[in-house]
Every structure is written in structure tokens, then in C-alpha cells.
Amino acid sequence: MTVPIVKKVRSLFFLILVVFMVKPSMAEEQHQAHEHGVGKLNIAFEGQEIEIELKAPAADIVGFEHEPKTEKEKSQVTKAIQKLTQASIMFTFPMAAKCQLEKVEIESALQTEESTTGHKEHEHNGHDKHEHNEHDKVEVHSDFEVHYRFMCGAPKLVTYLDVLFFKEFKSAHELDVQYITPKGQGMRELTPTQYRLNF
């Protein structure tokens with residue numbers, strides 16, 4: 001595939017945003033301030049491919065939002081990245097759909113060389129949305145953005161998706177979901193107790 005995953009994913013989710021711009025409530029949500037405990041999940045089906053974009057506050061992922069300084073903080077970031085790259089503990093598809101992870105890319109201002117060591121295949125293309133203004137006095141709200149690409153042998157059998165994100169990151173309590181599938185588009189709110197997304 002000649003199109004880099006980040007560019008392709010962003011184009012898909014631009015389409016999602018256009019679809020939902022007609023809904024005032026969603027338009028308002030897009031301009032809401034960074035809120036701890038609340039993340040966003042965008043899902044797009046295209047042929048046999050399923051693209052998923054997860055965006056969550058760094059505070060929910062590692063417990064802080066500043067540049068990691070201590071060994072403990074650096075270790076927390078490394079462990080979080082290791083979890084996020086393991087799609088099997090983040091999402092569960094119906095077995096009959098035969099979905100396999102093809103690629104994961106992570107973007108966060110908290111990433112360091114140490115935290116990405118051993119995960120070169122997961123590195124983003126250098127187009128980090130977050131400006132690295134660690135020395136600025138203005139408070140910066142950092143996020144983790146993760147792009148997943150799955151290839152499914154039987155995409156029509158993807159009738160649901162279990163989002164297990166909450167089990168791994170206990171500080172998260174809500175994911176605002178937007179999705180586009182061959183059956184149509186929709187919006188949902190997922191929580192630790194209501195984590196199944198039916199299509």
C-alpha cells in the first residue's frame with residue numbers, strides 16, 4: 001500500500017467528522033476542552049480494512065501529562081506504549097471475522113527514545129500534532145493518539161467490537177465513539193461496564 005497509514009486514517013476520520021458536523025451536539029463536543037477520564041474512538045470500515053483511532057488524555061494513560069523526568073515516569077510511559085501496541089488486549093473482534101492487526105502507530109508528546117526502544121515498527125511518521133513546548137510556562141494538556149489498522153478475512157462478520165481499553169487503563173471512564181461501516185454510521189458512548197459496540 002502506497003498511502004501511509006497516518007494520512008489514510010486521518011482522511012477517513014475527516015470524512016467521519018464531515019458526516020457528523022450536521023449534528024450540533026457533536027460539533028460542540030469537538031470544541032470541548034480536554035477532559036480527564038474521557039477519550040475518543042473513531043472507527044472506519046473500508047473493504048477488508050478496519051481503521052481505529054483512539055485518543056485519550058495522557059493523565060488517563062500514565063497518570064501525568066508533563067514530560068517524563070524520573071525513571072519511574074519514563075517506565076510508566078514505556079509500559080503504557082507496550083500495552084497500547086498490543087491490540088489484542090485493547091479490542092476483541094468476532095473470531096469468525098478473522099481480523100488481524102497490520103499496523104499500530106502512536107503519537108504523544110510524552111514519548112522519549114527510551115520509551116520507544118524496541119518498538120520501531122510502531123513509530124509514527126514524525127507528524128506529531130502536539131507541539132513539544134516542555135519549557136513553556138503555559139500548561140500543556142497531552143494526549144496519546146493511537147492508530148490501528150486491521151485486515152479482516154470476513155469483514156461482514158464484524159457484527160460487534162469489544163473495547164477492552166478500560167480494563168487496562170482504570171482512570172478512563174468514557175469513550176465517545178463515532179463509526180462508519182457498510183451498514184451506516186453512528187455514535188455511541190462506551191464505559192467500563194458497557195464496552196461492546198454493536199454494528
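The values are calculated or read from the model by the stated rules, or taken from the named source; none is laboratory data. Everything numeric in this text was worked out from a predicted model, so none of it was measured. Cβ sites come from the backbone with ideal geometry, for glycine too, and all protein chains shown count toward neighbours.
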Note to self: Of the conditions (1) modelled with pLDDT of 55 or more; (2) under 14 Å from His147 (Cβ atoms), Glu65 satisfies every one except a single condition; which number is it?
What the structure shows: (2)
Item checked: Odd one out for Glu114, checked against (1) at pLDDT below 70; (2) part of a loop (DSSP other than H, G, I, E, B) -> (2)
Note to self: I want to confirm something. Restricting to segment 34-91 and keeping residues that are among the polar types (S, T, N, Q) and more than 30 Å from Gly153 (Cβ to Cβ), which single residue is surrounded by the fewest Cβ atoms within 10 Å (Cβ to Cβ)?
What the structure shows: Thr70
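Mind telling me which of the residues Leu15, Leu41 ends up being farther than 23 Å from Leu84 by Cβ and either in a strand (DSSP E or B) or at pLDDT 50 or above (or both)?
Leu15
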Notebook entry, point to check: For residues in segment 144-199 being small (Gly, Ala, Ser) and in contact with a helix residue (DSSP H, G or I) (Cβ under 6 Å, 6 or more places away or on another chain), which is farthest from Ile52 (Cα to Cα)?
Noted result: Ser171
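Condition check ((1) small (Gly, Ala, Ser); (2) surrounded by fewer than 16 Cβ atoms within 10 Å (Cβ to Cβ); (3) assigned to a loop (DSSP other than H, G, I, E, B)) across all residues:
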position	(1), (2), (3)
His147	no, no, no
Met151	no, yes, no
Lys156	no, yes, no
Phe166	no, no, no
Ser171	yes, yes, yes
Tyr179	no, no, no
Gln194	no, yes, yes
Check: Could you say which residue among Met90, Met95 is under 18 Å from Asn42 (Cα atoms), of a type in the set (A, V, I, L, M) and at pLDDT 95 or above?
Finding: Met90
